[in-house]
Amino acid sequence: MIDNLKNCNEIIKDSIPQISRRIILSASVTLFVPSVAIAVDRVSQKSTITKHVKTSTKQTVKSKAPAIVGRARPHVPVIILDPGHGGKDPGAVGYSGTYEKHVAYATAVELSKQLMRTGKYRVKLTRNSDKFVPLDGRVDFAQSNKANLFVSMHADALNNHSIRGASVYTLSNHASDAQSAALASVENNADRYGGANVHVASPAVQKILASLVKLETKKESVAMARNIVSSFHSRVSLLQNPKRYAAFVVLKSINIPSILVEMGFMSNRVDEEALKRAAYRSLIASSMCQAIDRYFAIGGSVTHLTG
Ligand SMILES: [Zn+2]
């Protein structure tokens, strides 16, 4: 066990580049701490002061100090937006025939524009056209882009057509209610999923890392969901108990905070009509943009060490 832990530093570098390192640091598991290089400006204070004794400290440093090179670029959070369905999979079909895949895509594009306009993020979509992307492909896309946040966007259907309003889901093996379980089951039927991989040498280490990472990711996902619900409040019609959880496959990245936003239900006439309007989709997008801003402003994944 101890030998396994000693090898962890290398393992972490190779296998879990972002959130896990921060978790490991915050958990003070010192054996896990990866090497972190801190750039220090080694200007000789003594020689500088004697040579420029008549000038101010500020001027002295300016004239004598070498140019600062190699300063790390500030980390720009990567946000992956995941418009549900696409191509041969239309998603839910609305009361008057609107396809969920089109509503999801249009809103994701709008949100992407608004996020890019802030100049604070890199934003990518899991699909840039009306094409089918398997669920594990969406998760893999977020992983390969080292995403700091994954936001899946949907507007599904329920058997009860009177139910309307937005809700935000985080991952749980146990659904918050029967309705959530049914929704996740329908979504997950899109294809099969192989599970997020943690490539480590030892099952014991894998277990420890995975539980630490999962715990932190869950905490951040819930914080993000709370932000979205709070932004929607009084602007966008909300479902009762709008913060829900279920076993959606696309939320299963163990190291990327992930949420699934149900913007409303295509099975409800009022929701469908609203989601067909660009102004309403823009309102949803701006609410989500604000929530994402708030999430990263108070820490979020922006503090991740990069690997
Ligand atoms: Zn859907």
statement: Apart from one, (1) surrounded by fewer than 18 Cβ atoms within 10 Å (Cβ to Cβ); (2) part of a loop (DSSP other than H, G, I, E, B) all hold for residue 127; the odd one out is (1)
- prompt: Does any residue of the range 214-235 turn out to be closer than 19 Å to residue 172 by Cα, of a type in the set (Ser, Thr, Tyr) and surrounded by fewer than 22 Cβ atoms within 10 Å (Cβ to Cβ)?
  reply: no
task: Consider only pairs whose beta carbons are under 8 Å apart and that are at least six residues apart or on different chains; among these, list those whose first residue lies in the range 90-103 and is within 12 Å of residue 154 (Cα to Cα) and assigned to a helix (DSSP H, G or I) and whose second residue is more than 11 Å from the ligand (Cβ to nearest atom) and of a type in the set (Lys, Arg).
output: 103/276; 103/281
- prompt: Looking only at residues in the range 162-185 that are away from the ligand (no atom under 16 Å from the Cβ) and surrounded by fewer than 16 Cβ atoms within 10 Å (Cβ to Cβ), which one is modelled with the highest pLDDT?
  reply: 162
message: I'd like the residue in the range 151-161 that is touching a helix residue (DSSP H, G or I) at 6+ places or on another chain (Cβ under 8 Å) and outside any strand (DSSP E or B) and, out of all such residues, is nearest to the ligand (Cβ to nearest atom).
response: 156
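The values are calculated or read from the model by the stated rules, or taken from the named source; none is laboratory data. Owing to the predicted nature of the structure, the values given are computational and were not obtained by experimental measurement. Please note: Cβ atoms are built from the backbone with ideal geometry, for glycine as well, and neighbour counts cover all protein chains shown.
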